[in-house]
1. Just one of the numbered conditions (1) touching a residue at least 12 places away in the same chain (Cβ under 8 Å); (2) farther than 24 Å from LYS170 by Cα; (3) within 17 Å of the chain's Cα centre (by Cα); (4) open to solvent by 10 Å² or more (accessible area, probe 1.4 Å) is not true of GLY284; which one?
2. From the residues in segment 152-204 that are among the aromatic types (Phe, Trp, Tyr) and free of Cβ contacts under 8 Å to residues at least 40 places away in the same chain, which one is surrounded by the fewest Cβ atoms within 10 Å (Cβ to Cβ)?
3. Suppose we filter segment 224-252 for residues that are surrounded by 17 or more Cβ atoms within 10 Å (Cβ to Cβ) and assigned to a helix (DSSP H, G or I); how many remain?
4. Tell me yes or no: at least one residue of segment 260-272 is part of a strand (DSSP E or B) and touching a residue at least 60 places away in the same chain (Cβ under 8 Å).
5. In segment 308-349, how many are assigned to a loop (DSSP other than H, G, I, E, B), small (Gly, Ala, Ser) and exposed (fewer than 11 other Cβ atoms within 10 Å of the Cβ)?
6. How about segment 1-27: which of its residues are under 15 Å from TYR188 (Cα atoms) and assigned to a helix (DSSP H, G or I)?
7. Please find, within segment 8-48, the residue that is nearest to ALA88 (Cα to Cα) out of those that are free of Cβ contacts under 8 Å to residues at least 24 places away in the same chain and out of contact with any strand residue (DSSP E or B) (no Cβ under 9 Å at 6 or more places or on another chain).
8. List the number of the failed condition for CYS86; all other conditions in (1) more than 29 Å from the chain's Cα centre (by Cα); (2) touching a residue at least 24 places away in the same chain (Cβ under 8 Å) hold.
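The values are calculated or read from the model by the stated rules, or taken from the named source; none is laboratory data. Here the structure is a predicted model, which means the values were calculated and not measured. Virtual Cβ from ideal backbone geometry, glycine too; neighbours counted across all protein chains shown. In case anyone asks, the SASA skips ligands and DNA or RNA and just uses the protein heavy atoms, side chains included. Shrake-Rupley method; radii C 1.70, N 1.55, O 1.52, S 1.80 Å.
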Amino acid sequence: MDDIKYMKMALALAEKARGYTSPNPLVGCVIVNSEGSVIGQGYHHKAGEAHAEVNALAAAGNLAFGATAYVTLEPCSHFGRTGPCCEALIRAGIKRVVAAAGDPNPKVAGRGFAALRAAGVEVSEGILAQEAYKQNEVFFHWILTGMPFVAVKYAMTLDGKIATANGDSKWISGEESRKYAHYLRGIYDCILVGKNTVIKDDPELTCRLAVGKNPLRIVLDSKLEIPLTAKVFTDGKAPTMVVTAESVATTKITTFTELTGVEVFQVPIERGELSIKALLVELGKRELSSILVEGGSQVQGAFLDDSLVQRVYAFIAPKIVGGANSLPPVGGLGKAKISQSLVLRQKEIQCLGDDILITGRVGKEEKVCLQG
């Protein structure tokens, strides 16, 4: 059989649920009979609902006996919100399972493959493993580190500016880029900005230009100086978390928490700034597995200085602003030498209207269980 062909189909199925399965992985499954005909397809639609294998088996019915199942991630072997998928495959009489990647979740991590083999099911691993890893980079990072996958997004001019010297920034990117940015908001669990962005622009921080769920809105404000009339507090379109310093008075915090859908989370001050790592640890505990950072120069720089970024989305518009005091996308401490620069790998470049989007991974490869 053409294992690559059917695995590509399974990966495409898994992609349909992007933005809805968090903190669980995206998984697709295709069941093929001995003649090479697809007899069942399924994917994991939403966290808490039936897994991809179960949906594909339901579509195949009795025809699944003796067939091959192509699945993008190792079938689970434990009871969670749903039953073990490897047992469902065994009961259905699946003869062979072809998997793209092993599951790094300690509750699975090879146990699914072992259970299938123990039941006499032939198992092939590593088919399009790198594609499966990329598709589930958020899940792999969260399960391995306990912290959300962090992506930094910004739009800049050709000469590397996100605002003029007097602060004007609308609009650097074009309509297609803005639509794509809203798509990103819809597939990440959280969106984060600094207080200056809220005070200056009064944004909604929703995905109103694209189909998707609105993310949790997170605003960094060490002294709680944002006006209570800001849209992120009053529009009711999504919950908002304000991150502030541990030293802020309780009475001031109460003023914010009395607002509907608003939470205040306090973190320590480190090197004169709010502890971003403390925030990420808390978000990870809450099973919020991804965060899109749309802050200004200072916020982006803080995340990058602390090596807390996994992906960058850089929208580049064919415009030149000039000016020594115009704002760059990344502030912070920066690097002392060019040789210390952060380098994007696994780069992708695409045109969005007149703009160019460059995206890629930052830092070292995470060690994941691509094969059991």
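1. (4)
2. Selected residue: TRP171.
3. Residues flagged as surrounded by 17 or more Cβ atoms within 10 Å (Cβ to Cβ) and assigned to a helix (DSSP H, G or I) within segment 224-252 amount to 3.
4. Checking segment 260-272: not a single residue is part of a strand (DSSP E or B) and touching a residue at least 60 places away in the same chain (Cβ under 8 Å).
5. The number of residues fulfilling the criteria is 4.
6. GLU15
7. Filtering segment 8-48 for residues that are free of Cβ contacts under 8 Å to residues at least 24 places away in the same chain and out of contact with any strand residue (DSSP E or B) (no Cβ under 9 Å at 6 or more places or on another chain), the one nearest to ALA88 (Cα to Cα) comes out as SER37.
8. (1)
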